[in-house]
Each structure stands twice: as C-alpha cells, then as structure tokens.
Amino acid sequence: MRVAFVGKGGSGKTTLSALFARQLAQSGAPVLAVDGDINQHLSEALDPTAGTDPTAGTPAFTAPPLAGHLGEIKDLLRGTNPRIASREAMVKTTPPGRGSRLLRLLGDDELHTRHVQPIGGVPLMVTGAFDESDLGVACYHSKLGAVELYLNHLVDGPGEYLVMDMTAGADAFASGLFTRFDMTFLVAEPTRRGVSVYRQYRDHAREFDIPLAVVGNKVTGEDDLLFLKEQVGDDLLTHLALSPWVRSAERGSPQGELEDTNRHALNILRKTVDARPKDWPTLHHHAVHFHLRNAESWANEATGRDLAAQVDPEFVAGPGSLA
C-alpha cells in the first residue's frame with residue numbers, strides 16, 4: 001500500500017511519516033520511505049542522531065536524490081515501450097504501457113540500488129532539495145516529477161508499504177501526484193490554521209474519490225480533541241498527544257521511548273491502511289487522466305508531440321503486468 005502524509009507546514013507530518021515508517025520496519029514489513037517535501041527533513045526524523053557522530057549511530061544520508069538523475073530514470077522506465085521514442089518524449093505524467101520497465105518495491109534494479117539508503121532502519125529515497133540554480137527559475141514540482149514517474153511504474157505487492165512525506169499545504173495539488181496513493185493521512189494541529197488545509201484537501205480528495213483520514217497531532221487535552229472533532233467531524237481517525245519523546249528527538253537526543261498512547265495511534269493508522277483494498281484500475285485511470293490533462297495544458301507544446309498517443313489502451317495495471 002502507498003501512504004501519503006500531508007498537512008500544513010509545521011503540523012508534524014514529517015514526524016508522523018517517520019514514526020509510521022519506523023514502526024512498519026520494526027514489525028518486519030517491507031517499507032520504503034520517500035521524502036517529497038521541499039524541506040527534505042525526513043532523514044533527520046527517521047534517525048535524529050544520523051550523521052552527528054561518524055563513529056556511532058547511522059551515517060548521514062548520502063544516496064543521490066531522484067531529481068538529479070531524471071534522464072537516467074526516464075531511460076530505465078520507458079524500457080522498450082514503442083510509444084515513448086526517447087527520454088525527451090517522456091514527461092513526469094507519462095503512464096506505463098507494454099514494454100515499460102515496471103519496478104517492484106525495493107527491487108535490485110538500478111533505481112533502488114542507486115537511490116535508496118537505510119536511515120534509522122528504514123530504507124529511504126529522497127527527491128532532492130532546492131539548490132542555487134533553481135532559485136527564481138523553477139518550482140519544486142519539477143523535482144517531484146521523478147517520484148511521479150516512479151509511482152506510475154511501481155507494482156507494489158501484498159504486505160509492502162511506501163510511505164511518503166508530501167509537500168506542505170495545498171501545494172500537494174499542483175500535480176496529479178496526490179492521486180498516486182492508496183491512503184492519505186492529513187495531519188492537523190488543533191488550531192484554526194491547523195485545520196485550514198484539511199478543507200482544501202477534503203474537497204479535492206472527494207472530487208477524485210481519494211481516501212482521506214485526519215490525524216490530530218500535538219493534542220494536549222479534551223479541549224483540543226473536541227475542537228478537532230468539531231472541525232473535521234467523522235474524518236478524524238485518531239490523534240497523537242503532544243510528545244516529550246518527539247521533542248527530545250527533534251533536539252537530536254531522544255530520551256526513552258515513544259509514549260504508549262501515541263504507539264496506539266500508529267497502530268490505528270496501520271489497521272486503516274491494511275483494511276484498504278488495492279484498486280489498480282483507479283490508480284491507472286488517475287495516471288492516464290492527469291497525463292492527458294498535462295499533455296493538453298503544456299506537455300504537447302513543450303515536446304512537440306501528441307502525448308495522448310503514449311497511452312496504451314491495452315495495458316492493464318497491477319501484478320499481471322509484470323509478466
């Protein structure tokens with residue numbers, strides 16, 4: 001299952017992404033964490049001590065970001081698909097077809113071998129941060145194109161999990177990436193600003209039938225919980241209390257263990273994800289839908305091609321396509 005964590009900046013979505021991914025990994029489940037936030041802090045959240053002492057703990061994350069190797073990723077994924085003539089003809093929304101290179105989660109292919117590195121016991125892949133050459137001339141969604149292509153070509157199996165820390169706020173809707181997940185958790189603090197992103201996300205999620213649940217965070221008492229229930233209603237799945245353990249971890253020196261009540265909330269998240277059926281037809285339908293929209297809006301002109309021709313009407317997404 002593919003799980004996205006979204007929310008307002010500062011809501012704690014990166015922290016919850018890390019906590020959830022770590023809990024999955026500690027249970028023995030195959031899991032891949034993906035940092036898709038412009039701030040690129042997921043590695044620190046997965047292991048607050050990473051890179052602080054080269055003689056102990058986990059080394060700093062050094063695997064190359066996806067965005068820096070977009071051309072090679074396109075060459076790998078287009079495979080022998082006759083509908084995609086070159087890497088230049090492949091855009092971030094290009095869906096797979098017969099002949100495309102499809103990937104298994106954490107497979108031994110070039111992409112996973114090059115770009116994945118364990119941090120805090122969790123395999124991690126990052127999109128890449130903004131650098132000086134991007135300032136004033138590019139948006140962060142140009143970085144996320146590699147992740148969108150990766151998810152379009154990923155065939156994840158039963159009992160496997162991909163956990164992605166998404167961009168903050170409504171920026172998550174600037175591409176079709178938000179439709180690439182089986183479950184989306186919106187992290188909300190018990191404040192008016194904390195729930196403001198929820199209303200935007202709820203409306204877009206309903207339009208595309210995206211499963212969405214709200215996770216309250218930094219809750220300090222009944223008043224906070226009552227406020228969240230009043231604001232988001234039945235979409236409130238569970239909540240995490242304000243955590244002394246998280247605060248100590250964010251300072252780089254975690255003390256003790258995560259509180260039992262917060263572990264229980266993470267268990268609820270996993271049960272919710274595990275209860276979702278995998279809907280390959282809908283995932284592929286959304287991929288094709290946004291590809292056609294992007295083709296008409298900008299990609300046909302940018303590439304000088306009719307990119308609607310890249311859609312393979314006989315391709316059937318899912319495990320059967322691996323054959």
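Read-outs: derived from the displayed coordinates by stated rules, not from any lab. These numbers come from a predicted model, not from an experiment. Neighbour counts are summed over all protein chains in view; Cβ atoms, including those assigned to glycine, are modelled from backbone coordinates with ideal geometry.
Roughly speaking, what is the stretch gain from Asp306 to His264, that is 0.36 nm per residue apart minus the C-alpha to C-alpha distance, in nm to one decimal? Write out the running numbers ahead of the final one.
Values: separation 42, 0.36 × 42 = 15.12 nm, distance 5.04 nm.
Fully extending the segment from Asp306 to His264 adds 10.1 nm.
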Quickly work out the Ser297-to-Thr80 label distance, labels modelled 7 Å from Cα along the C-beta direction, and quote it in nm with one decimal. 3.5 nm
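Report the local net charge at Val316: Lys and Arg +1, Asp and Glu -1, summed over other residues whose C-beta lies under 15 Å from its C-beta.
Numbers: positive: Arg98, Lys278; negative: Asp279, Asp312, Glu314.
Around Val316, the charge tally is -1.
Please give the peptides 102-112, 202-212 ranked by average Cβ packing (other Cβ atoms within 10 Å per residue), highest first, as a rough proxy for protection.
Values: 102-112: 16.3, 202-212: 14.5.
Packing order, densest peptide first, comes out as 102-112, 202-212.
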Rounded to the nearest 10 degrees, what's the angle between the helix 13-26 long axis and the longest principal axis of the chain, both from Cα atoms, 0 to 90? 90 degrees
For the chain, longest principal axis from Cα atoms; helix 260-274 axis from its Cα atoms; angle between them, nearest 10 degrees, is 30 degrees
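Looking only at the chain, where both bridge partners belong to it, what percent of the DSSP beta bridges are antiparallel (to the nearest 5)? Mind showing how you got there, number by number?
Details: 3 of 30 bridges.
Rounded to the nearest five, the antiparallel share is 10 percent.
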Report the net charge of residues surrounding Gly99, where surrounding means a beta-carbon distance below 9 angstrom and charges are Lys +1, Arg +1, Asp -1, Glu -1. +3
Taking every pair of alpha-carbon atoms in the stretch 203-308, what share in percent sits in each 5 Å bin, from 0 to the bin with the longest distance? 2, 10, 13, 14, 13, 11, 10, 9, 9, 6, 3, 1
(1) 5, 22, 28, 24, 14, 5, 1, 0; (2) 6, 25, 28, 20, 14, 7, 1; (3) 6, 26, 35, 23, 9, 1: which one is P(r) over Cα pairs in 10 Å bins from 0, in percent as calculated from this entry? (3)
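Under the rule of -39500 (n - 2.57) per DSSP H run of 4 or more residues, summed and divided by the residues of the chain, what mean residue ellipticity at 222 nm is obtained, to the nearest 500 deg cm²/dmol? All intermediate terms of the calculation are to be shown ahead of the outcome.
Values: 11 runs with 114 residues, N = 323.
After summing the helix terms and dividing by the residues of the chain, the value is -10500 deg cm²/dmol.
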Please give the net charge around Arg270, taking every other residue with its beta carbon less than 15 angstrom from that of Arg270, where Lys and Arg add +1 and Asp and Glu add -1. +2
On a 0 to 90° scale, report how tilted helix 192-207 is relative to the longest principal axis of the chain, with both axes built from alpha carbons and the result rounded to the nearest 10. 30 degrees
Nonlocal Lys pairs with alpha-carbon distance under 16 Å, the chain (8 or more apart, or different chains): 6
Only Lys, Arg (+1) and Asp, Glu (-1) charged, at Cβ; the stretch 197-243 dipole about Cα centre in debye: 140 debye
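Using packing as a proxy for protection, rank 272-280, 251-259 so that the peptide with the highest average count of other Cβ atoms within 10 Å comes first. If you can, show how the numbers build up before the last one.
Details: 272-280: 13.7, 251-259: 12.1.
Listed from highest to lowest mean packing, they are 272-280, 251-259.
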Residues with amide H under 5 Å of Leu32's amide H, sequence separation 5 or more or different chain, H placed in the peptide plane at 1.01 Å from N; which? Tyr161, Leu162, Val163
